[in-house]
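The values are calculated or read from the model by the stated rules, or taken from the named source; none is laboratory data. Everything numeric here is computed off the predicted structure, so don't read it as measured data. Ideal geometry is used to build each Cβ from the backbone, glycine not excepted, and the neighbour counts take in all protein chains shown.
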Amino acid sequence: MEMLRVAALQFATGSCAEENLATCLRMIDAAAVQGAKLLVLPEFCNHISWYRDQAHAWQEALEPEGGFLQAIAARALRHRIHILINVSLRRRHPAISVTSILYGPDGTCLGEADKQGLMGHENDFFVPAKEAGKVIDTGIGRIGIFACRDGISFEPARRLALMGADLLCNSLNSFAFDEASLHVPARAAENRLYLVAANKVGPLVPGEELGMVSRLTAIPQALLYGAGESQVVQPDGRALRRAPRAQEAVLIADLPPAAERRRLRGAGLLPRRPEIYRSLLQAPLQANGESATRTAEAIEVALVRPLGEGRAALAHVEELLQQLPASTQLALLPERFAQTGEHPVAAAVIRERLQAICQARNLQVCTSLVEGDAHVGVLLDGSGVRLQQPQLHVERGCGDALLTAELEWGRVAILVGDDCLSPELAKMAALAGAHCLLLPCAAPDTRVARGAANGTLDLALLLAARAAENRLCLAACAGSAEGMLATLEREFTLMSPWPSRRFDGNINAPLRTPQSGETTLQVLHPRAAENKMISANTDLLRDRPLQSCAALLRREEEIACAD
């Protein structure tokens, strides 16, 4: 079984197209010598993404059949390899796209994909894709391609996976450390696919302007450089190979052949229910800062993990809840915590005893219960049930809609069981105005067998991605060490005033507290979830890549036919 050797090429570009082309060709030659058959280059290979005005951007953009791209195609032919390159491309004047182009071993263009979601100042010079690119059939597999900003939202990669891609490729031009630590691996893990990601190093603005840009943006000059860390990611989210942060690199890795990659993906992808995902096409319920609720600046939340099973677990939960600080407003318990073992407790009894504690402690408690054939998430307080959410991704006894509830401190949604793995549901919760996701989870050995294609599923990675890409607080309590509390930076939008925070290299990463011991306490910031503006002209919800959303409402076989 012949392996596929791939290469992620990590390098810097500047303001001279001739020099940038020479760098691209040098890096391509270096990877070809090492036997790579698929090469992935970074974003904006023709010119640094920094322009004086629209006329300058047009001047530096490439013609589709121009000399720069002809030279790349000729290199693909010379080495008999596949090359994925991303450039700014002239369309009908004055429109310029950010386009990824895949060349085949015969030097022909096999396919291309325009960037769907633009980031910050890119909106000043480029136009987004009119439609999402298709999966590209090649002799080495079915390849899905996307670029940078399209990888910090789940939709583009998800669409490509559902269209039958067996390999994802991502070209980046990013100074954000959280690309490599969170967003890139999450796109691989949630789709059970290998992913090749190539990022830049070197300054991302002209060297002579670094100081000025640093002052204007309040981003330290040392962090205006490409973050590197190009990587080849396995279907469980772990890096098979990763390049260093600050130096040029040719990153080589060997992947299973296409048939094996397809088999691994098919064995691990979570069943979907596209008929309930309709709200993915809807506008967000509330614009930034316009919440209908009296959203709290901060609340104290506890993850409570009892010992034992059945009646013993319920008694231990009551003890732990009584011991919580008086300032705790919400406690989250693992799913079905008292309904396992030889002496499971009836759902009605659990509700009654938890509600009594809620009333005595002025507390809200969330867990899940099995009632009949249904697995249901419940949120209780002293007055009774505030929210009841049936599990949505099960074969029987399932619900038909994702629900939310307005509480005194914000709006919440509950994801039950394997629903926590669905990026669609988390996005739907955000679009419905939720400030916080509540996830009563199970221990790995009691969840439905759904191991990632290569290794153990990294639940913590996927949960962090759900919090980040939707700007939601998140509380997940598991019967293991996999739970977490995730809150948000209150000063978030790039190039906006940050009175109390300095940029640390992470643009869109939640602040995580791993679950530990019987009780884990942390303060969450629900009001921070109302700010979805990641940068100028870039709202995580309103400016999400809608070009990919319609396909998510269809079943895989329907998507394949449409393709």
Under 8 Å between Cβ atoms, at least 6 apart or on separate chains: pull out the pairs that start in region 200-211 with a residue that is more than 9 Å from LEU224 (Cβ to Cβ) and end on any residue that is loosely packed, with under 13 Cβ neighbours inside 10 Å.
VAL201/GLN247
Considering each residue of region 480-498, count those that are of a type outside the set (A, V, I, L, M, F, W, C) and buried (at least 24 other Cβ atoms within 10 Å of the Cβ), and give that number.
2
Quick one: in region 454-486, which of the residues that are modelled with pLDDT under 90 and not hydrophobic (A, V, I, L, M, F, W, C) is nearest to the chain's Cα centre (by Cα)?
ASP458
In region 532-554, which residues are assigned to a loop (DSSP other than H, G, I, E, B) and in contact with an Asp or Glu (Cβ under 9 Å, 6 or more places away or on another chain)?
LYS532, ALA536, ASN537, LEU540, ARG544, PRO545, CYS549
Filter result for LEU264 (surrounded by 18 or more Cβ atoms within 10 Å (Cβ to Cβ) and modelled with pLDDT under 95):
yes
Verdict on PRO325 being out of contact with any His (no Cβ under 8 Å at 6 or more places or on another chain), of a type outside the set (Val, Ile, Thr) and in the same structural domain as LEU488 (by TED's automatic domain parsing)
yes
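Can you find even one residue in region 331-347 that is within 30 Å of TYR277 (Cβ to Cβ) and in a helix (DSSP H, G or I)?
Checked region 331-347: at least one residue is within 30 Å of TYR277 (Cβ to Cβ) and in a helix (DSSP H, G or I).
For (1) farther than 22 Å from ALA298 by Cβ; (2) buried (at least 19 other Cβ atoms within 10 Å of the Cβ), each residue gets a yes or a no:
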{"site": "ALA465", "(1), (2)": "yes, yes"}
{"site": "ALA528", "(1), (2)": "no, yes"}
{"site": "ARG544", "(1), (2)": "yes, yes"}
{"site": "ALA550", "(1), (2)": "yes, no"}
{"site": "GLU556", "(1), (2)": "yes, no"}
Matching residues in region 338-370 - criterion: being surrounded by fewer than 21 Cβ atoms within 10 Å (Cβ to Cβ) and either in contact with a Pro (Cβ under 7 Å, 6 or more places away or on another chain) or of a type in the set (Gly, Ala, Ser) (or both):
GLY341, ALA346, ALA347, ALA348, ALA356, ALA360
Of the residues ALA113, ALA132, which single one is in contact (Cβ under 8 Å) with a residue 60 or more places away in the chain and touching a helix residue (DSSP H, G or I) at 6+ places or on another chain (Cβ under 9 Å)?
ALA132
With respect to LEU285, is the statement that it is within 22 Å of the chain's Cα centre (by Cα) and at pLDDT 95 or above true?
no
Conditions (1) touching a strand residue (DSSP E or B) at 6+ places or on another chain (Cβ under 6 Å); (2) among the small types (Gly, Ala, Ser); (3) surrounded by fewer than 19 Cβ atoms within 10 Å (Cβ to Cβ) -> ALA95 fails only (1)
Qualifying residues in region 353-378 (those that are under 35 Å from the mean Cα position of the chain (by Cα) and charged (D, E, K, R)) - the one nearest to VAL301 (Cα to Cα)
GLU371
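Given the structure, is ALA374 surrounded by fewer than 23 Cβ atoms within 10 Å (Cβ to Cβ) and in contact with a Pro (Cβ under 7 Å, 6 or more places away or on another chain)?
For ALA374, the condition - surrounded by fewer than 23 Cβ atoms within 10 Å (Cβ to Cβ) and in contact with a Pro (Cβ under 7 Å, 6 or more places away or on another chain) - is met.
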Quickly run through region 1-27 and pick out the residues that are within 20 Å of SER88 (Cα to Cα) and touching a strand residue (DSSP E or B) at 6+ places or on another chain (Cβ under 6 Å).
ALA8, LEU9, GLN10, MET27
What is the number of the single condition among (1) on the phi < 0 side of the Ramachandran plot; (2) in contact (Cβ under 8 Å) with a residue 12 or more places away in the chain that GLN70 does not meet?
(2)
Looking only at region 1-19, which residues are without any contact (Cβ under 8 Å) to a residue 40 or more places away in the chain and under 16 Å from ALA61 (Cβ atoms)?
CYS16, GLU18
Among the residues of region 321-341, how many are touching a residue at least 60 places away in the same chain (Cβ under 8 Å) and not charged (D, E, K, R)?
11
